[in-house]
């Protein structure tokens, strides 16, 4: 009875969080400008209601009864996992003072606005006091959540449970050591031809082609839709309604095309969650106040990267797709063949802006952000020293001079919203994506043949069976262990990078 | 302090109700089919949360303090009205048992589905048991709300506070007496030419033209938008975000065109509510659990009808607009002049379907429904006798044989959702629209000239000043009294109908 009551209460919390997501989707894709302020108040109220339900006495009572009721069940059964996750959510949430939550929520819009103005005006000092406040609140948040080694551990808990500053630093160190020589070797090589990517690609045709690929991957449009937004995202309101957005650049084909494949990967994850987990604790991020089926931010990102990069930027993929793409854009791609196209969309070229980075240098962008975040949190660095430190790292890792803070330390919105600790999940996703994909290759007979025949159903089914269906029932570590037999490891990712870019740039064995 | 606290709590309730509206809009315009079930659960949860907040001890405490605090203020001041409306809402809501609320909510989707099946199969008996249950629950609801004379009074309270079965019957009787001879006289006359309304009108051009008119009326698209839905509606999430929908028939121009003008009227009302009432009790329908600025359903409908009919179907309007319409559709309207068009869109022709009825016979559709509703509620009629009674009334009032229940008693969704008492608000809106418009004509110098010059700003401003800005601060009766000096009266509406249709059909004085 108590467990059923707990499920009932969790379902209501999940409903509220899904309603929040509908309001968020609407505000980014449909809402007229005038609605922004009152929408913000609606979001704040629903967030507060959700938090009140999580911390309320009703849930606590049901939880206590449910813990007793399911105590004899296997520890990784759905009921045991349900009560464990609700328990942890209640414990952690109740350690965070309500005042701190509202201070962060109140600072967010003003800090974001200051960041926007500072970025537009290339004026870091304008943002500095807000970033100092946000850093201070994030430190307080870390202390409230608690940690044994590093304040960053507490912040990581919100995005990537089980990950620590220590293990993250080790992973990033391995990546850095392996990536820098590759990037430097590639810099010596002739860049591939890319001019045709910048021709005039009408948006409707881009949309149709990209959505066609998404459907081939298995994106179910009876439970989804594709819209336009300034920043692409995927969002779901249970597995039954999983929406993606993208943006199209008429003068640059890859933005819309790979943007759609990326968000499709996220969407396939959410659409693949088992129906029995709908409205359950195992599709609820109680800490992030977000109804989501993915095990962690990194795990989610691993699937967007897997479908975007390991499938969608592979040679076998463009061998199959290119004829149809050229038929869609006969003038723009006249005289271009599949290999030339494949080389172009995999060009490695260090750049200043993270979201425009290629697959290889992308992680260097993350690396420098994580190093700076940790230094700020530890107090080893002051906010005012951030621009210089940023520029030095860009020089060191990417070999570029940063001409302005707008193109440097002010480029990302993340810090203005207090999301310290979220950047690494992008790189964790990259590492995981290769580890999962290598396991699929090894364990799924006929995968290569299927992909060569434009058939993605076997891969999707393997990912659903091994990852998607479980929602948040297993931790990222458990999913990796079950699926690949190993903890998170850079091996498969580094092999993938070395093989792919070695071939593309003729680097030979030593690179 | 208590009043401020009451305002804070009401703002949260208003936020939740606005969130509900966003979810409703999304479900009718954007949601993929697969999302329907979980969306239903999200709506139910938010509805339940809103009800809990309204009946909670926090609100009650704040209300008691606020009543004391504002007791010296003028009775029609905003604070006095605020506490009075929250008090009434709390009192009435707490009289309705939670079980009855959830019984009605639970019956709604199944009754609606049964109605849909029955309508499709022309099979009233399939719907009958559900309608019997819904009628029984509606009777229980009326008893719970309470009334002194007639159970219908209690149901009307939800939609049209202040209206009673007695006064409604008197109004409808006056309409019937005046309308039937008009309709019969018109039936003897030559019908106007209408063939050109059924030519091929591409939807994009319809949309652009209709939206152009909406903007001329004053619909602010920085706080609104126009979408397509199966059934047209207006919905708002505060005055800052007021959306309308319509449907277009390629083969019949008036559906989309007048549909947009109608919903624009609703939207102008909501956009015109004073900003200081945003998120207040005076933009909250606590009983209907709906965030809305209009004083009542009938008052709201009076504004959709005013802009659609009294402005949008007037001779002066089409004198001004027709050249642009013909320029938009030169082939479809070749050889048609403004007067011919004006006559066509005002054709009177008794029909079986309410939503397709002309302005004059429309009220007869409402009349017969209200008579049947009252008979059902009083127990004077059994549900199984409804089809025969329906058909007899259609014969009597409209002179038509009903060939099937699909085109008869099963045509409207309302009864399957339990909305007994909502039909009369359409006719109340018609009556009010003429009363308000007559007052504007009398009191607003230069109105005729402005309209003849395609200038709607003076009319909009008069309506904003006298009606829209006040939100739900004043009752419909008070608005009428302040604005027209009289209670609700059929005089101006009957004069309008007699004058307009007398001219159109050359009926002379006696009709």
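The residues on offer are A:495, A:475, and the sole one that is under 30 Å from residue A:14 (Cα atoms) and either at pLDDT 95 or above or surrounded by fewer than 23 Cβ atoms within 10 Å (Cβ to Cβ) (or both) is A:475.
Number of residues in the range A:33-42 that are surrounded by fewer than 17 Cβ atoms within 10 Å (Cβ to Cβ) and either touching a helix residue (DSSP H, G or I) at 6+ places or on another chain (Cβ under 8 Å) or more than 8 Å from every other protein chain (Cβ to nearest Cβ) (or both) equals 3.
Residue check: residue A:177 meets all listed conditions (1) assigned to a helix (DSSP H, G or I); (2) touching a helix residue (DSSP H, G or I) at 6+ places or on another chain (Cβ under 6 Å) but one, namely (2).
With the condition kept exactly as written, say whether any residue in the range B:222-229 is crowded, with 19+ Cβ neighbours inside 10 Å and in contact (Cβ under 8 Å) with a residue 60 or more places away in the chain. No, the range B:222-229 contains no residue that is crowded, with 19+ Cβ neighbours inside 10 Å and in contact (Cβ under 8 Å) with a residue 60 or more places away in the chain.
I'd like the residue in the range B:124-153 that is assigned to a loop (DSSP other than H, G, I, E, B) and in contact (Cβ under 8 Å) with a residue 24 or more places away in the chain and, out of all such residues, is farthest from residue B:407 (Cα to Cα). The residue in question is B:146. Filtered by the rule that a residue be without any contact (Cβ under 8 Å) to a residue 24 or more places away in the chain and assigned to a helix (DSSP H, G or I), the range A:185-208 gives A:195, A:204.
Of the residues making up the range B:235-250, those that are within 14 Å of chain A (Cβ to nearest Cβ) and not in a loop (DSSP other than H, G, I, E, B) number 6. Screening residue B:149 on (1) assigned by TED's automatic domain parsing to the domain that holds residue B:378; (2) out of contact with any strand residue (DSSP E or B) (no Cβ under 7 Å at 6 or more places or on another chain) shows it passes everything except condition (1).
With respect to the stated conditions, residue B:211 is within 14 Å of another protein chain (Cβ to nearest Cβ), in a helix (DSSP H, G or I), touching a helix residue (DSSP H, G or I) at 6+ places or on another chain (Cβ under 8 Å) and surrounded by 18 or more Cβ atoms within 10 Å (Cβ to Cβ). Scanning the range A:53-69 for residues that are surrounded by fewer than 21 Cβ atoms within 10 Å (Cβ to Cβ) and more than 10 Å from chain B (Cβ to nearest Cβ) yields A:55, A:56, A:57, A:58, A:60, A:61, A:64, A:65, A:67, A:68, A:69.
Residues checked against (1) under 23 Å from residue B:398 (Cα atoms); (2) within 14 Å of chain A (Cβ to nearest Cβ); (3) free of Cβ contacts under 8 Å to residues at least 40 places away in the same chain:
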residue: B:278; (1), (2), (3): no, yes, no
residue: B:296; (1), (2), (3): no, no, no
residue: B:302; (1), (2), (3): no, no, no
residue: B:305; (1), (2), (3): yes, no, no
residue: B:308; (1), (2), (3): no, no, no
residue: B:311; (1), (2), (3): no, no, no
residue: B:322; (1), (2), (3): no, no, yes
residue: B:336; (1), (2), (3): no, no, no
residue: B:356; (1), (2), (3): yes, no, yes
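Within the range A:453-469, restricting attention to residues that are more than 14 Å from residue A:301 (Cα to Cα) and in contact with a helix residue (DSSP H, G or I) (Cβ under 7 Å, 6 or more places away or on another chain), the residue that is surrounded by the fewest Cβ atoms within 10 Å (Cβ to Cβ) is A:454. Residue A:102 passes all but one of (1) assigned to a helix (DSSP H, G or I); (2) in contact (Cβ under 8 Å) with a residue 24 or more places away in the chain; (3) within 25 Å of residue A:157 (Cβ to Cβ); which number fails? Here residue A:102 meets the rest and fails (2). Taking the criterion of being assigned to a loop (DSSP other than H, G, I, E, B) and more than 14 Å from residue B:312 (Cα to Cα), the residues of the range B:214-227 that qualify are B:219, B:220. Exactly one residue out of B:10, B:90, B:16 is touching a strand residue (DSSP E or B) at 6+ places or on another chain (Cβ under 7 Å) and modelled with pLDDT of 95 or more: that is B:10.
Tallying residues that are under 22 Å from residue A:102 (Cα atoms), within 30 Å of the chain's Cα centre (by Cα) and outside any helix (DSSP H, G or I) within the range A:43-79 yields 0. Quick check on the range A:160-204: of everything there that is within 18 Å of residue A:422 (Cα to Cα) and modelled with pLDDT under 95, which residue is surrounded by the most Cβ atoms within 10 Å (Cβ to Cβ)? In this case the residue turns out to be A:161. The residue list B:148, B:57 contains one member that is at pLDDT 95 or above and out of contact with any helix residue (DSSP H, G or I) (no Cβ under 9 Å at 6 or more places or on another chain), which is B:57.
Does residue A:230 satisfy the criteria of being more than 27 Å from residue A:503 (Cβ to Cβ), in a loop (DSSP other than H, G, I, E, B) and more than 13 Å from chain B (Cβ to nearest Cβ)? Judged against the criteria, residue A:230 is a match.
Of the residues making up the range B:12-32, those that are facing chain A (nearest Cβ under 7 Å) and part of a helix (DSSP H, G or I) are B:12, B:15, B:16, B:18, B:19, B:22, B:23, B:26.
Checking the range B:85-93 against the condition returns no match, with no residue being within 14 Å of chain A (Cβ to nearest Cβ), surrounded by 19 or more Cβ atoms within 10 Å (Cβ to Cβ) and assigned to a helix (DSSP H, G or I).
The values are calculated or read from the model by the stated rules, or taken from the named source; none is laboratory data. This is a predicted model, so every value here is computed, not measured. Note: ideal-geometry Cβ built from the backbone for every residue, glycine included; neighbour counts use all protein chains shown.
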